[in-house]
Amino acid sequence: MDGAENDLRLIAVMRRYFAVKEELVGLKSALEDKRKLAGIAVGEFYHVRAETEHADDVSRTVTLRREMEFLMSLAEGWSRGDVIHLGAPAD
């Protein structure tokens, strides 16, 4: 693979990173608004077994953070000269 193709992969990775980051920020903001409105303590609200009403959204924030970490690891690898292999993050 030539460097230009790997650079294009980096661009795709970073576009995805910032899209995921935007989704995460919006989701966290919406969750925090709901938490404040409900008057529920932080630890209780974000505990997926205690607050099942919002568990899917809370779990989604974890998934988004993991994806961001994976994408950033690809970008860091690129900076060391690694070839970016686009695919799903391994859990």
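The values are calculated or read from the model by the stated rules, or taken from the named source; none is laboratory data. Since the model is a prediction, treat every value here as computed from it, not as a measurement. Note: ideal-geometry Cβ built from the backbone for every residue, glycine included; neighbour counts use all protein chains shown.
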Which listed residue is modelled with pLDDT of 90 or more and in a loop (DSSP other than H, G, I, E, B), from Val58, Val83, Val48
Val83
Mind checking whether some residue in segment 14-33 is farther than 30 Å from Asp82 by Cα, loosely packed, with under 11 Cβ neighbours inside 10 Å and more than 15 Å from the chain's Cα centre (by Cα)?
yes
Does Phe70 satisfy the criteria of being surrounded by fewer than 15 Cβ atoms within 10 Å (Cβ to Cβ), of a type in the set (Phe, Trp, Tyr), under 29 Å from Ala4 (Cα atoms) and free of Cβ contacts under 8 Å to residues at least 60 places away in the same chain?
no
